[in-house]
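Note sheet for the following structure.
A short reminder: the numbers here are calculations on the coordinates, not readings from a lab. Values in this document were obtained by computation on a predicted structure and should not be read as measured data. Please note: Cβ atoms are built from the backbone with ideal geometry, for glycine as well, and neighbour counts cover all protein chains shown.
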């Protein structure tokens, strides 16, 4: 099938595998997938007050058996692998009914799982019969395309800020992540427009963590458009694929009402950190005159452990060992690896020892000015 240029901020109406086959290879930065859960419901569910539970009994969640579901899963994950950039990541959410089968297919296709995230619901549906534990969480699998993939977006500092300056954990149980309810829940004739609509708070965290402003976010099971709504609010481009025309219309109306403010990218999660700062080799400090060949550097601020700077940016120790700031740092520290920027110190004009990373930051600021 011939591919067509991407139409951004657009909902494609049709089967996800068929639509994905028409999209260019390696064209999207992030995929969030909320596929059918294959809930395998056998009977109607009733509350103790004799009201019926609105379960998921739609045609799109019906599969003949596990083999049929696995075939379906393999098809859409294969199609996603082709359109995802080699620097992109994929998220899949599911329940105990399907997530383990999805994880198996992910690994069979060569994806490499970075994390499994547990979304702990603050307001789960009770187990009315009292025959098992209340199912109070869902699982998200976050993956890259292969084990060899080294580059992908993870906005670590943004997640840390979001979590009161603590490293974000893989169990998401904060108060702002309940199941979708209240005014956010879309309805048709007083009933849920979609039985498994996800809360925007969940997608906010996913998109903020693993994409940047201007990136393209694709959802192959778009439903009523939560992924597109949050992507639009966070200044990302989005693409939705949905085969149900009613869901398509709900999503289109919902997203058309969202007009993000025209602010700079830092407002939408692109923070300036050491991880995404422009790369500068150590030799740039010599070329700019901030350090000189023949000058001494001191390892871990210890004057007895020093090395001389060579004109090519390498260091040489007293025992004639030469190498980069990282190699010589690992050698002196007897460590397998070393980030030399954080362990080597130079002597300033006042005779005080300062970490060389301060010179790198000064040079970056000068070049950005």
Just grab the label-to-label distance for residue 287 and residue 74, each label 7 Å out from Cα along the Cβ direction, in nm (one decimal).
5.1 nm
If one computes the Cα centroid of the stretch 323-351 and of the stretch 141-160, what distance in Å separates the two points?
28 Å
Along principal axes, largest first, the alpha-carbon spread of the stretch 283-368 in whole Å comes out as 36, 24, 21
Net lengthening on full extension, residue 317/residue 265 (0.36 nm per residue, minus Cα-Cα):
14.3 nm
